[in-house]
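Written out below as structure tokens is the structure these notes cover.
The values are calculated or read from the model by the stated rules, or taken from the named source; none is laboratory data. This is a predicted model, so every value here is computed, not measured. When we count neighbours, we look across all protein chains shown, and the Cβ atoms used for this are built from the backbone with ideal geometry, even at glycine.
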Amino acid sequence: MIKKHIVLVGIILAMLFLVASTFFYPGGSQHDEMTLGFDWRHNYLCNLLNPVAVNGHENGARPWAVAGLIVLCATAAAFFVRFSKKIMVKSASNVIKYAGVGAMLAALLTATPYHYVAVTASGTLLMLTLFYITVFLFKSKLHGFKVLAVVCLLALYGSSFVYFTQTYLEVLPLLQKASLLLNLALILGLEYFSEVGDFQMER
């Protein structure tokens, strides 16, 4: 039973850890270093992972956020492995599996001093994984997921553009959270509402 719903259980558990961590965040954001607590509009999720909060205080949110990150990455990695088995084209299946798992392993490093490198590596690998998933969705009859996958890619590309160009940084915290929620919706949707037959190539 647990194995069947491991992705759903993992996502729920990860979100509980992350939300709980926001209650322990001392304060400070890119908008105002002196604010108290976690501001969903102005704080990045990675602020929860840092040893020291933006306002200079010890970050009590970190243990909860790290636990959430570990569970989330492990869950997403499990999804990519499970979903790759629905793709009968071996080369594409391997890209989804290995690039997806690689993206999640790299994402774990966002809680370390190698944050910038981790974001670059995980973002690149996740874009590649989502691109392959989107290609196969467009060859299927899962029309709703085609739209969702494109929106997920656009949100990820948009977040990456803002992050690496440092333009429109004021919208990045919201864009980051929206991208996460969109990707989780796609993961859950494909986990429960897609099967091998949806991706059989017509001869």
Taking only the range 144-165 into account, find how many residues are surrounded by fewer than 20 Cβ atoms within 10 Å (Cβ to Cβ), farther than 26 Å from Tyr116 by Cα and either in contact with a Leu (Cβ under 7 Å, 6 or more places away or on another chain) or modelled with pLDDT under 95 (or both). 2
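Here is a yes/no grid of residues against (1) surrounded by fewer than 17 Cβ atoms within 10 Å (Cβ to Cβ); (2) in contact with a strand residue (DSSP E or B) (Cβ under 9 Å, 6 or more places away or on another chain); (3) under 19 Å from Leu174 (Cα atoms):
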position: Met15; (1), (2), (3): yes, no, yes
position: Val19; (1), (2), (3): yes, no, yes
position: Glu58; (1), (2), (3): yes, yes, no
position: Pro63; (1), (2), (3): yes, no, no
position: Gly102; (1), (2), (3): no, no, no
Among the numbered criteria (1) in contact with a Leu (Cβ under 8 Å, 6 or more places away or on another chain); (2) in contact (Cβ under 8 Å) with a residue 24 or more places away in the chain; (3) of a type outside the set (Val, Ile, Thr), which one does Phe136 miss? (1)
What is the number of the single condition among (1) over 16 Å from the mean Cα position of the chain (by Cα); (2) under 25 Å from Leu156 (Cβ atoms); (3) at pLDDT 95 or above; (4) surrounded by fewer than 21 Cβ atoms within 10 Å (Cβ to Cβ) that Leu108 does not meet? (1)
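Suppose we filter Tyr132, Tyr168 for residues that are out of contact with any Cys (no Cβ under 8 Å at 6 or more places or on another chain) and loosely packed, with under 14 Cβ neighbours inside 10 Å; which single one remains?
Numbers: Tyr132 fails: loosely packed, with under 14 Cβ neighbours inside 10 Å.
Among Tyr132, Tyr168, only Tyr168 is out of contact with any Cys (no Cβ under 8 Å at 6 or more places or on another chain) and loosely packed, with under 14 Cβ neighbours inside 10 Å.
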For the condition in contact (Cβ under 8 Å) with a residue 12 or more places away in the chain, closer than 30 Å to Asp32 by Cβ and β-branched (Val, Ile, Thr), what is the one hit in Val119, Val171? Val119
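Residue-wise test of (1) closer than 27 Å to Gly189 by Cα; (2) surrounded by 14 or more Cβ atoms within 10 Å (Cβ to Cβ).
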residue: His5; (1), (2): yes, no
residue: Leu8; (1), (2): yes, yes
residue: Ile11; (1), (2): yes, yes
residue: Gln30; (1), (2): no, yes
residue: Phe38; (1), (2): no, yes
residue: Tyr44; (1), (2): yes, yes
Of (1) in a loop (DSSP other than H, G, I, E, B); (2) buried (at least 19 other Cβ atoms within 10 Å of the Cβ); (3) of a type in the set (A, V, I, L, M), Ala118 satisfies all except one. Which? (1)
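Residue-by-condition table, conditions (1) touching a Gly at 6+ places or on another chain (Cβ under 7 Å); (2) in a loop (DSSP other than H, G, I, E, B):
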{"position": "Leu8", "(1), (2)": "no, no"}
{"position": "Leu13", "(1), (2)": "no, no"}
{"position": "Phe17", "(1), (2)": "yes, no"}
{"position": "Phe24", "(1), (2)": "yes, yes"}
{"position": "Gln30", "(1), (2)": "no, yes"}
{"position": "Leu36", "(1), (2)": "yes, yes"}
{"position": "Arg41", "(1), (2)": "no, yes"}
{"position": "Trp64", "(1), (2)": "no, no"}
{"position": "Ala67", "(1), (2)": "no, no"}
Cβ pairs under 8 Å, 6+ apart or interchain, first in the range 67-85 and farther than 18 Å from Phe17 by Cα, second of a type in the set (Asp, Glu), ordered by first then second residue, are Phe79/Glu191; Arg82/Glu191; Phe83/Glu191
Within the range 1-60, track down each residue that is in contact (Cβ under 8 Å) with a residue 40 or more places away in the chain and touching a Pro at 6+ places or on another chain (Cβ under 7 Å). Arg41, His42, Asn43, Tyr44
Any residue that is farther than 21 Å from Phe193 by Cα and among the charged types (D, E, K, R) - is there at least one of those in the range 60-79? yes
